[in-house]
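Everything on this sheet refers to the single structure shown next.
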Amino acid sequence: MNDSKGMKKIYVFDTTLRDGEQSPGCTMSLRDKLLVAEMLESLRVDIIEAGFAMASSGDFEAVKAIAGVVKNSTVASLCRALEKDIDRAWEAVQGAAHPCLHTFIATSPIHMSAKLKMTPDQVYEQAVAMVKYARNLCPEVEFSLEDCSRSERPFVFKMVEGVIAAGATIVNIPDTVGYAVPDEFGGLIRDIFSNVPNIDKARISVHCHDDLGLGVANTLAAVQNGATQVECTINGIGERAGNAALEEIVMALKVRHEHYNAYTDIDTTRIYATSRCVSTVTGSPVQPNKAIVGENAFAHEAGIHQHGVMANPLTYEIMTPESIGLPRNKMVLGKHSGKHAFQQRLSDLGVSIDKSKVEELFSRFKALADRKKTVSDADIVALAQNLATDFKGTAALDRFSVIASNAITPVSTIRLNVGGEMIEKVAAGDGPVNASFSAICDILDVKCKLEDFQLSAVTEGMDAQCKASVLVRFGEFAFRGNGISTDIVEASILAYLQAINAALEAGKAK
Ligand code: KIV
Ligand code: ZN
């Protein structure tokens, strides 16, 4: 598809909820997945890969729920090239406005012999049969040649031709293990275009992992050689070193559109808010020097740079912070700011919040403004995200008090409102946070393992808000919780309670 200037459209296939969720510790709850899907839809991604329906009942429910609410983006489920997987994926996505089945099989010699224990002919027959099977169910079928970059070219050409003839509407060429380098990967795509006779009957997609830090470079090399779909994740999260980062590919295509003669439909002003949302729900912080979305991506430290930017931002900035939804003129809000200015700020920041929650967010903002002199953009994004991931669980914090000291054992007294009943307990610990977590477990009579605990300041300054993120494990199930407060113990308690409430709600807390 070309626009009026003859530029080709590049389809964006986001796999944050599938490949992204496969990264260690990035498990998301159903509520969080729905929130991310909503953000991806407003970012205007073309396809949302919502999960791998066959992987677990949790994955199945999440794909189904996302398929039920997303209206504009296509919703895909991954499935192996097996009838039972395809049936399960179809059960999950068939309710979507635009469903897609994404089926795959490995094509490299090592995967076929060591993992699948199949000959190339058997792999070919299976792929063709399963694409036909999937196309009988769903009008959009993507087929991936897993480990394609390490596969033999003649076999790749045969596979691509065969699955297109069988009805695949999209054929995906993954660099599954992040082994490829850009000129070679671009060459693979070029060769596929020159050696597959029916190549014009399908869209060619690429899916690059970042093991050598080349995921985005390989993706762009593929675009230069004819690929018209890119698979990526927000903040580049994914298996091992991650996947190619959506924000980097999209901004490269935007800033250098003349070079690539291509465009995407992404609303780039929503990139920053989406990045922060994914970081919050996965508990996976964005490194400060990360391209596009890192805290330092638009910060100029050297005097000579600051002087240049003041004279003309183009001296050192190739794109504006506004283009990713990070406004340059930080309008400071305080306790006298009205609802109108607050709502305007939310919309400038690309933060979409359910209408029913605006009042609650505004009152949390006012409460914060009472504690802090000025409330920054980062504070507002953090408050909005915290509210979006918040939910009314069985237990709510009523009050707490801690005695922390390096001379006597720290003690915490916590009072929770548990379904209307006030219960108070006192516990000791190595520190005030540890003591508080023990008191909460005593009150709720649960035992869990704290797997991850992160504290970070939302802004600089002594009165900064603190964000706490915890991952707690009950047997095979892990739950993340987030909390925010100007007090680090309170933020930690809120995060811990949120995670335990999620476990109680799912019936997994013992
Ligand atoms: O990396 C990969 O090969 C994948 C496929 C399933 C597309 O994630
Ligand atoms: Zn992958």
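Within the range 339-456, considering only helices (runs of 4 or more DSSP H) that don't extend past its boundaries, which have at least 2 residues that are in contact with a His (Cβ under 8 Å, 6 or more places away or on another chain)?
Result: empty, no element qualifies.
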Quick one: which residue in Lys71, Lys64 is more than 13 Å from ligand 1 (Cβ to nearest atom), more than 17 Å from the chain's Cα centre (by Cα) and not in a helix (DSSP H, G or I)?
-> Lys71
Could we say that Arg203 is open to solvent by 40 Å² or more (accessible area, probe 1.4 Å), more than 23 Å from the chain's Cα centre (by Cα), more than 24 Å from Val93 (Cα to Cα) and within 15 Å of ligand 1 (Cβ to nearest atom) here?
-> no
Among the residues of the range 101-122, is there at least one that is assigned by TED's automatic domain parsing to the domain that holds Ser29, open to solvent by 50 Å² or more (accessible area, probe 1.4 Å) and assigned to a strand (DSSP E or B)?
-> no
Please go through the range 452-501 and pick out each residue that is among the small types (Gly, Ala, Ser) and within 25 Å of Pro24 (Cβ to Cβ).
-> Ser456, Ala457, Ala468, Ser469, Gly475, Ala478, Gly481, Gly483, Ala491, Ser492, Ala495, Ala499
Could we say that Gly215 is open to solvent by less than 10 Å² (accessible area, probe 1.4 Å), away from ligand 1 (no atom under 16 Å from the Cβ) and out of contact with any Lys or Arg (no Cβ under 9 Å at 6 or more places or on another chain) here?
-> no
Just a yes or no: is a residue in the range 11-30 surrounded by fewer than 24 Cβ atoms within 10 Å (Cβ to Cβ), under 11 Å from the mean Cα position of the chain (by Cα) and among the aliphatic types (A, V, I, L, M)?
-> yes
Can we say Glu49 is open to solvent by less than 40 Å² (accessible area, probe 1.4 Å), within 15 Å of ligand 2 (Cβ to nearest atom) and not in a helix (DSSP H, G or I)?
-> yes
If the Cβ limit is 6 Å and pairs must be 6+ apart or interchain, which residue in the range 185-211 that is under 17 Å from Phe104 (Cβ atoms) and of a type in the set (A, V, I, L, M, F, W, C) pairs with which residue that is away from ligand 2 (no atom under 16 Å from the Cβ) and not in a helix (DSSP H, G or I)?
-> Ala202/Ala168; Ala202/Thr169
Answer yes or no as to whether Thr394 is at pLDDT below 95 and open to solvent by 50 Å² or more (accessible area, probe 1.4 Å).
-> yes
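Confirm whether Gly242 is open to solvent by 30 Å² or more (accessible area, probe 1.4 Å) and either within 27 Å of Gly51 (Cα to Cα) or within 14 Å of ligand 1 (Cβ to nearest atom) (or both). So that I can check it myself, show each step before the final result.
On the way: open to solvent by 30 Å² or more (accessible area, probe 1.4 Å): no; either within 27 Å of Gly51 (Cα to Cα) or within 14 Å of ligand 1 (Cβ to nearest atom) (or both): yes.
Taking the combined requirement at face value, the residue does not satisfy it.
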Taking Asp46, is it over 22 Å from Ile266 (Cα atoms) and either of a type in the set (Ser, Thr, Tyr) or at pLDDT 95 or above (or both)?
-> no
Give the residues of the range 176-186 that are within 16 Å of ligand 2 (Cβ to nearest atom), open to solvent by less than 60 Å² (accessible area, probe 1.4 Å) and not in a helix (DSSP H, G or I), sorted by residue number.
-> Thr176, Val177, Gly178, Ala180
Please specify each residue of the range 63-110 satisfying the condition of being more than 23 Å from Met39 (Cα to Cα), touching a Lys or Arg at 6+ places or on another chain (Cβ under 8 Å) and within 16 Å of ligand 2 (Cβ to nearest atom).
-> Cys79, Thr103, Phe104, Ile105, Ala106, Ser108
Run Gly58 past the list (1) more than 16 Å from ligand 1 (Cβ to nearest atom); (2) within 11 Å of the chain's Cα centre (by Cα) and report the number of the one that doesn't hold.
-> (2)
Report yes if Val472 is more than 28 Å from Ala367 (Cα to Cα) and surrounded by 15 or more Cβ atoms within 10 Å (Cβ to Cβ), otherwise no.
-> yes
Would you check which residues across the range 112-150 are of a type in the set (S, T, N, Q) and either in contact (Cβ under 8 Å) with a residue 60 or more places away in the chain or within 16 Å of ligand 2 (Cβ to nearest atom) (or both) and list them?
-> Ser144, Ser149
Of those in the range 123-170 that are in a strand (DSSP E or B) and either in contact with a helix residue (DSSP H, G or I) (Cβ under 7 Å, 6 or more places away or on another chain) or outside the structural domain of Asp200 (by TED's automatic domain parsing) (or both), the residue surrounded by the most Cβ atoms within 10 Å (Cβ to Cβ) is Phe143
Sole residue being in a helix (DSSP H, G or I), buried (at least 17 other Cβ atoms within 10 Å of the Cβ) and in the same structural domain as Phe104 (by TED's automatic domain parsing), chosen from Ile189, Ile173 = Ile189
Say whether the condition of being out of contact with any Phe, Trp or Tyr (no Cβ under 9 Å at 6 or more places or on another chain), outside the structural domain of Lys355 (by TED's automatic domain parsing), within 15 Å of Ile493 (Cβ to Cβ) and among the polar types (S, T, N, Q) is met by at least one residue in the range 402-416.
-> no
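The values are calculated or read from the model by the stated rules, or taken from the named source; none is laboratory data. If you're wondering where the values come from, they're calculated on a predicted model, not measured in any experiment. Every residue, glycine among them, receives a Cβ derived from its backbone with ideal geometry; neighbour counts consider all protein chains shown. Heavy atoms of the whole protein, side chains included, go into the accessibility calculation; ligands, DNA and RNA do not. Shrake-Rupley method; radii C 1.70, N 1.55, O 1.52, S 1.80 Å.
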